[in-house]
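Reading through the structure tokens given below for one structure.
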């Protein structure tokens, strides 16, 4: 691939299912186009800010796998999300949640995560990728995605801003700990809980993430509330973060890749601030849900937004 | 008519409000939902992130850093109070399309569940034009079966399976035509497929707005190639 003037290229050495993502599509819902975008928005925004990019710039999302690239020209990156070993040229260990310089001709090896599920790599200047309806994120129903394949080249734009200084994200540490080890996920119960018996089960015991989970929905095994009837519900749009309990008794949390409509009752919705933590759960991982109110949900999102704002002010 | 009063407002989580319309008529529930959606969109408020009207509901996503559920409910009540038939003028642009469908898939199982023969099911299903209620995943046409078709059970839990362009699926009192292909999470039952041209260009040319109607034309399996790739014909303006 010829290099475009004003761009940097990196060669992908190892990748398994990595994708170019951004924050997804807004405003096309009426045409049936769902939001999609990075599953862990907090980590994606932080990576871009650390790299000096706009928070919604395209970046690489790696799901539970190794990612190795070689810089053809010197490039600055930031690695966030799940905890992984980051090694430059096989010997220099580098920190996550920091801007990192990858000199020309060197390789950066990001190992499969040891805690959490999804890693984000932002390149200063942002990855260039094909756009559909205002986003580079996958739109599976239209067969659209920007895969990051072994042997391929990633084209990176010219940085508009310098990366942040080292240590700029130190104040994010408590939020990162909670993101990767949430303990309890906050949910807001809805009026539709009335069609369930034993709602207390949602909060009483832990649930285990099922391997059949994907970017559309995180599926959980555990003792669920019991739907009182199986009356058909007419399809309607449902929130990102919806907790669905179909008649078969499974518990599904709809993530950002959720379909635009659904026909199952929604007894609870994950607090917006905690959806990223659900996206970082590993298959087999255990989690508990706790009932919170709107004020607590608002406090949690304000806390996150203030931390990201402070990062952007650096 | 001035003002709407037959609706419920329900916060869903910290960033959404669901407005459910409760009029006895399914047709009016749908009309109110879409007319209210358009009225809310016309406000162009920065605090509203997205809106989506379906069969009898309007889901409003809001920016919780700018407004809360109480504020959104207040806006919706105000708009409902000022509602009039002038809000419904958008429906005048609706058209009727003819759509060929080769019935098949799980139709025998579905018909059996309804205690109908396959031919009786098809006869009921094609007895009148059906209205596009909203656009679902990948732009699919979300519609309602004619009222004479009994409710059809949704799968107990959605499954992940390969779907095909043009699938004609049913669930409850609803039916849909899918425009996408690939692996998808779905709880609907497949009863057929249309060979009509559903390429992006063809779909864009048709427009397919909520309010348009589809007249389903059952075709013999051997006629599939006669219809393959042909555009859906506009029969008439309503």
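Values quoted throughout were computed directly from the atomic coordinates according to the rules given, and no laboratory measurement underlies them. A quick note: this is a predicted structure, and the numbers were derived from the prediction, not measured. Neighbour counts are summed over all protein chains in view; Cβ atoms, including those assigned to glycine, are modelled from backbone coordinates with ideal geometry.
Here are the numbers for the structure shown:
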read-out	value
Region B:108-173: C-alpha gyration tensor shape, a/c 1.5 cut-off, then a/b vs b/c	oblate
Ranking of A:30, A:205 by count of other Cβ atoms within 10 Å, fewest first	A:205, A:30
Measure of compaction for chain A (Cα Rg per 2.2 N^0.38 Å)	1.02
Cα pair distances exceeding 44 angstrom across the protein assembly as shown, given as percent	20 percent
For A:210-219, mean number of other protein chain Cβ atoms within 10 Å	2
Largest-first ellipsoid semi-axes for region A:166-314, taking √(5λ) over the Cα gyration tensor eigenvalues, angstrom	29, 16, 14
Averaged over A:173-184, number of beta-carbon atoms from partner chains that fall within 10 Å	0
Peptides ranked, highest mean first, by Cβ atoms within 10 Å: ranges A:33-43, A:87-97	A:33-43, A:87-97
Helix-only mean residue ellipticity at 222 nm for chain B, each DSSP H run of n ≥ 4 adding -39500 (n - 2.57), per residue, nearest 500	-7000 deg cm²/dmol
C-alpha center-to-center spacing [region B:159-217, region A:199-261] in angstrom	24 Å
Sequence-separation-based contact order of region A:171-314, relative, with Cα cut under 8 Å and 6+ spacing, percent	34 percent
Residue order, fewest to most beta carbons within 10 Å, for B:186, B:48	B:48, B:186
Other protein chain Cβ atoms within 10 Å, averaged over every residue that makes up B:46-58	4
Volume per residue that the Cα convex hull of region A:1-129 spans, once the total is divided by residue count, Å³	116 Å³
Cβ crowding within 10 Å averaged over residues, with A:113-125, A:7-19 ranked highest first	A:113-125, A:7-19
For region B:128-216: rounded, prolate or oblate by the Cα gyration tensor [a/c cutoff 1.5]	oblate
Computed log₁₀ I(q)/I(0) - Debye formula, equal Cα scatterers, no solvent, region B:1-79, q 0.19 Å⁻¹	-0.73
Potential extension, residue B:217-residue B:151 segment - 0.36 nm per residue separation minus Cα distance	21.7 nm
Percentage relative contact order, region B:13-60, counting C-alpha pairs under 8 Å, at least six apart	49 percent
0 to 90° range, to nearest 10: angle between helix B:26-43 axis and chain B longest Cα axis	50 degrees
Degrees separating the helix A:294-312 axis from the principal Cα axis of chain A, which is the longest one	0 degrees
Taking A:49, A:180 and counting other C-beta atoms within 10 Å, the order from fewest to most	A:180, A:49
Contact order normalised by residue count of chain A, Cα under 8 Å, 6+ apart, percent	21 percent
Theoretical ellipticity at 222 nm over chain A - DSSP helices of four or more residues, -39500 (n - 2.57) apiece, nearest 500	-4000 deg cm²/dmol
Alpha-carbon Rg/Rh ratio, for chain B, with Rh computed the Kirkwood way	0.99
Cα gyration tensor shape of region A:236-278, rounded if a/c is under 1.5, else prolate or oblate by comparing a/b with b/c	oblate
Alpha-carbon centroid distance for the pair region B:1-48 / region A:153-190, whole angstrom	36 Å
Tilt relative to chain A, helix A:41-50 - C-alpha long axis, 0 to 90 degrees, to 10	20 degrees
Förster radius 35 Å - calculated FRET efficiency between residue B:234 and residue A:153 (Cβ-Cβ, nearest 0.05)	0.15
Region A:74-168: radius of gyration over Cα atoms, expressed as a fraction of 2.2 N^0.38 Å	1.17
Protection proxy ranking of A:140-146, B:130-136, B:57-63 - average other beta-carbon atoms within 10 Å, highest first	B:130-136, B:57-63, A:140-146
